[in-house]
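Have a look at the structure below, then the notes.
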Amino acid sequence: MKITVVGAGYVGLSNALLLAVGHDVTLLEIDPGKVDKIARGVSPIADTAVEEALASGSLRLCATSDPKVAYAEAQLVIVATPTDYDPATDVFNTGSVEAVLHDALAHRPDIIVVIKSTVPVGFTETQRSRYPGARILFSPEFLREGHALEDNQYPSRVVVGDEGESGRVFADLMVGAALAENVPVLLMPSTEAEAIKLFANTYLALRVAYFNELDTYAAVHGLHSARIIEGVGLDPRIGQYYNNPSFGYGGYCLPKDTKQLLANYAAVPQNLISAVVAANTTRKDFIAADVLSREPRVVGIYRLAMKMDSDNFRSSSVQGIMKRIKAKGVEVIVFEPALEDDEFFHSEVVRDLDDFKQRSDVIVTNRRTAELADVASKVYTRDVYGRD
């Protein structure tokens, strides 16, 4: 099959690489720098499996910034463009997805278009009404940053928002490309598939928030978080996973998806969803206050990404903590090798790690690292397990 994937972020690139093993895949990306890297077999994202796949040179994959080239022979288009949450409208900005739908269907009216971008509940049905007869599907992704290709190769499930032939075609395509066996497949109306994405991510955010609030309680009362977490998690209904305290849930998905789900509850009674959203703000307030209680003159922020083995720090919680500390007049410096500029939100970016350690009175890091072992007395973290 000839497939076009639009967007070379974590979702788009990992889907393109997965399918390019057995199909002809064209990756459409507006950033010429990313196109050039992919053409040279270099990954534009931090993901070991992605890096290895691109370097292998064995894939049926080409990258372009030209829509005419991308859509010329496409039989199926996967949309994986950004949908940032707009707090002014309480809804995702779906402009990029709508633009792709317009262009793809203008070039190839008979193609199957699969939306992988996260969208509000009801979005796909609205687009089907706008393009009568078009085969527009929604299929949520469930990927971790830094493990995107691996999670496509070994998916927990394949969910497709279409119960007809087109839905089955796409489900078979994804299952056929996976390395895992007996992958659960769910075909359903698009609105239900859209809801799965938002509710799944909100549950993950809820779990993060829960163990963070457990940790806040322990910190305030001088208790040992790890022992409490272990005792709670030994209940098999709870489990010893996704329970490591952090500075709050962050990254590209959880903050915006929880807010979008809350917006979808406008006419529905609820308490828990709004509490999940509010809990993240409360946690960042506590962390910032706890750091400031040490009366530092200079606070060092060690890495902006919230996940290990990731270079993506969009909406990371540590940025919120950094802003709170700066608002109190305390100098903040940043050590983040992924930054090219000399300043980040008007804070100096220090590129020499030894200099960063020496200048910082307190070093704030979401996760422990061997790089800071020699200045352990300066390190502030709520990390218990040394993992995500």
> Each label point is 7 Å from the Cα along the Cα-to-Cβ direction; what then is the distance between the points at Glu51 and Thr282, in nm?
Replying inline: 4.0
> Say we join alpha carbon atoms closer than 10 Å with springs in a Gaussian network model of the chain; which of Thr89, Thr365, Thr26 then has the biggest fluctuation?
Replying inline: Thr89
>> Among Ser129, Tyr385, Gln75, whose Cα projects farthest towards the positive end of the dipole of the chain, with charges put on the beta-carbon of Lys, Arg (+1) and Asp, Glu (-1)?
In response: Tyr385
> In degrees, nearest 10, range 0 to 90: what is the angle between the Cα axis of helix 95-107 and the longest Cα principal axis of the chain?
Replying inline: 20
> Average projected area of the Cα convex hull of the stretch 92-143, in nm²?
Replying inline: 3.6
>> With +1 assigned to the C-beta of every Lys and Arg and -1 to the C-beta of every Asp and Glu, and no other charges, what is the dipole magnitude of the chain about the Cα centre in debye, to the nearest 20?
In response: 700
> Roughly how many nanometres apart are two label points built 7 Å out from the Cα toward the Cβ at Arg60 and Ile238?
Replying inline: 5.0
> Relative to the longest principal axis of the chain, what angle (0 to 90°, nearest 10) does the C-alpha long axis of helix 10-19 take?
Replying inline: 40
> What figure in square angstrom, to the nearest 10, would you give for the accessible area of Leu187 with a 1.4 Å probe?
Replying inline: 50
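Using the C-alpha atoms of the stretch 26-157, what convex hull volume per residue, in cubic angstrom, is computed? Walk me through the intermediate numbers first.
Numbers: hull volume 17.3 nm³, N = 132.
Per-residue hull volume (Cα only) is 131 Å³.
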> Angle, helix 190-221 long axis vs. longest principal axis of the chain, Cα atoms, 0 to 90°, nearest 10?
Replying inline: 10
>> How compact is the stretch 174-297 by the rule of thumb for globular proteins, expressed as Cα Rg over 2.2 N^0.38 Å?
In response: 1.30
> In this model, which of Lys116/Lys197; Lys284/Lys326; Lys37/Lys197; Lys34/Lys197; Lys197/Lys323; Lys68/Lys197 are farther than 20 Å apart at the alpha-carbon?
Replying inline: Lys37/Lys197; Lys34/Lys197; Lys197/Lys323; Lys68/Lys197
> Where both partners of a DSSP beta bridge lie in the chain, what percent of those bridges are antiparallel, to the nearest 5?
Replying inline: 10
>> Can you give me the distance in nm between label points at Ala267 and Glu73, each placed 7 Å from the Cα along the Cα-to-Cβ direction?
In response: 4.8
> What accessible area per residue, rounded to a whole number of Å², is obtained for the stretch 107-204 using a probe radius of 1.4 Å?
Replying inline: 43
>> I'm checking a number: the convex hull volume of the Cα atoms of the stretch 237-388, normalised per residue, in Å³. What is it?
In response: 133
> Ignoring the sites themselves, what is the longest stretch of the chain with no GluC sites (Glu not before Pro) in a DSSP loop and at most 14 other beta-carbon atoms within 10 Å?
Replying inline: 182-339
> Beyond 38 Å, what percent of the Cα pairs of the chain remain?
Replying inline: 24
>> Can you report the principal axis dimensions of the stretch 299-388 using only the alpha carbons, biggest first, rounded to whole angstrom?
In response: 32, 27, 25
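The values are calculated or read from the model by the stated rules, or taken from the named source; none is laboratory data. Just so you know, these numbers come straight off a predicted model, no measurement behind them. No Cβ is skipped: glycine too gets one built from the backbone with ideal geometry, and neighbour counts run over all protein chains shown. Just so you know, the surface numbers come from the protein's heavy atoms only, side chains and all, with ligands and any DNA or RNA stripped out. Shrake-Rupley method; radii C 1.70, N 1.55, O 1.52, S 1.80 Å.
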